[in-house]
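Peer 1: The structure is given below, and queries will be raised subsequently.
Quick note: the coordinates plus some simple rules give every number you see, no bench work behind them. Note that this is a predicted model, so its numbers are computed, not measured. Here Cβ is always computed from backbone atoms with ideal geometry, including for glycine, and neighbour counts include all displayed protein chains.
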Amino acid sequence: MARGARAAVSIPAFILTAAFVGYAGLARETGLTLAETLAMTGLIWALPSIVVLTGALSSGMGLIPAGIAVALASVRLMPMTMALMPIVKVPGKTRTWQLLIASHFVAVTAWVFAMKNLPDMTREGRLPFFIGFGGAVTAFVFCMTGLAYLLVERLPDMVAGALVLLTPVYFLCSLWGAARVNADKVAMAAGLALGPVFFVYLPGLDLLWTGLVGGTLAYLGTRILRRGLF
Amino acid sequence: MTDAGLGDTWWWPFVMILVAGWLATDVWRWLGVFAGGRLREDGELLIWVRCVATALVAGVISKLILFPQGILAETPLALRLAAAGVGFSAFLLFKQRVIVGVLAAEAFLLAGWLGLTALQGGL
């Protein structure tokens with residue numbers, strides 16, 4: 001677990017910090033208190049859902065509609081967690097409650113990092129590493145979000161813009177690095193192409209459709225290449 | 001709305017954060033744990049699930065580049081696409097080192113942005 005915590009001093013931690021520093025500014029402009037901002041950072045730990053709930057809180061939306069909006073923004077976490085489970089689990093030994101705790105740290109950044117780095121480790125070491133990594137990154141980003149809320153008035157335009165570009169470029173490179181079979185790379189290309197299409201024509205559930213359609217096409221296409229039609 | 005009177009109490013935002021935030025998000029992670037627990041590491045089903053998750057994350061990437069939030073939205077689309085392309089090419093060229101790709105993309109973006117600003121200032 002300590003090794004995971006040490007590995008947290010890394011590019012993904014820096015990139016997440018940058019993203020949450022940007023969010024702290026938004027939260028303050030929206031009128032959220034410091035305690036509310038930090039509670040969302042620690043409890044939800046998925047930036048798109050946090051941004052959706054921020055909008056809901058500021059517009060006085062009711063509990064149920066806000067919950068549905070946030071749940072729609074978080075569906076993506078389910079297939080991501082599913083794909084991670086066989087990697088972190090030691091069959092017959094790992095308890096479900098350990099996996100439930102670890103699952104809280106599943107968010108795009110930590111997931112990409114885990115898919116890329118965990119397969120190179122011993123099976124027993126993976127879950128402690130992931131929890132150590134996730135816990136350390138969460139704690140660090142939590143503190144930096146609080147500091148940014150208190151200290152950063154407004155970032156210069158170009159700095160803010162450069163911070164926003166960090167995330168997609170980091171995902172682009174490390175998702176390619178995490179690909180283990182051709183199907184992963186084809187799925188990535190399909191997702192890149194379909195994401196904007198579904199965003200324009202089916203906003204709201206666009207990411208889920210991108211994943212299901214793009215992923216299934218990539219799976220079927222590469223399966224036919226591997227095994228023939230039947 | 002039945003919640004209208006509750007919006008003014010100090011604790012209502014925290015109920016919102018717990019139920020509409022924490023629960024609405026973590027329930028998907030827990031479902032993923034239970035559904036993923038039965039997957040075999042070498043199974044066909046896992047390859048499909050990985051494809052779906054990978055395509056979904058790739059969708060996040062292209063949305064962030066094509067439709068960015070905030071100030072980055074004011075840069076030309078061609079500049080953002082070129083910066084991402086330069087970053088990814090640098091990543092592939094230099095033994096797939098992520099840091100090289102990220103720095104190359106940022107350098108390209110800032111250089112292009114400064115250049116455009118200077119051009120507009122000169123007109």
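Peer 1: Per DSSP H run of n ≥ 4, the term is -39500 (n - 2.57); total these for chain A, divide by its residue number, and report the mean residue ellipticity at 222 nm rounded to 500 deg cm²/dmol.
Peer 2: Details: 13 runs with 179 residues, N = 230.
Only helices count here, giving -25000 deg cm²/dmol.
Peer 1: Rounding to the nearest 10 and keeping the result within 0 to 90°, find how far the Cα-based axis of helix A:182-201 lies from the longest principal axis of chain A.
Peer 2: That helix lies at roughly 50 degrees to the long axis.
Peer 1: Is there a simple number for the mean count of other chain Cβ atoms within 10 Å of the Cβ of residues in B:104-117, and what is it?
Peer 2: On the way: counts 2, 8, 5, 1, 2, 7, 5, 0, 0, 4, 1, 0, 0, 2.
Per-residue shielding by partner chains comes out at 3.
Peer 1: What trypsin sites (Lys or Arg not before Pro) does segment B:7-47 have in DSSP loop regions with at most 11 other beta carbons within 10 Å? Intermediate results must be reported in sequence, preceding the final value.
Peer 2: On the way: sites: B:Arg29, B:Arg38, B:Arg40; in loops: B:Arg38, B:Arg40.
Sparse-neighbourhood loop trypsin sites (Lys or Arg not before Pro): B:Arg38, B:Arg40.
Peer 1: Starting from 0.36 nm per residue, how many nanometres of slack lie between B:Leu103 and B:Val15 once their C-alpha separation is accounted for?
Peer 2: Values: separation 88, 0.36 × 88 = 31.68 nm, distance 4.13 nm.
Answer, rounded to one decimal: 27.6 nm.
Peer 1: Follow-up question, since we're still on this one. Which lysines does A:Lys89 reach when only Cα atoms under 25 Å apart count, and residues fewer than 8 places away in its own chain are ignored?
Peer 2: Candidates past the 8-residue exclusion: A:Lys116, A:Lys185.
Peer 1: Next question, about the same structure. Assign one of three labels to segment A:181-230, namely rounded, prolate or oblate, based on the Cα gyration tensor with a ≥ b ≥ c the square roots of its eigenvalues; rounded applies when a/c is under 1.5, prolate when it is not and a/b is larger than b/c, and oblate otherwise. Let's see the in-between values first.
Peer 2: On the way: a/c = 3.49, a/b = 2.42, b/c = 1.44.
Taking the square roots of the gyration eigenvalues as a ≥ b ≥ c, segment A:181-230 is prolate.
Peer 1: Using +1 on the beta carbon of Lys and Arg, -1 on that of Asp and Glu, and nothing else charged, what's the dipole of the protein assembly as shown about the Cα centre, debye to 20? Mind showing how you got there, number by number?
Peer 2: Values: 24 positive and 16 negative charges, 301 e Å.
Charge dipole of the protein assembly as shown: 1440 debye, to the nearest 20.
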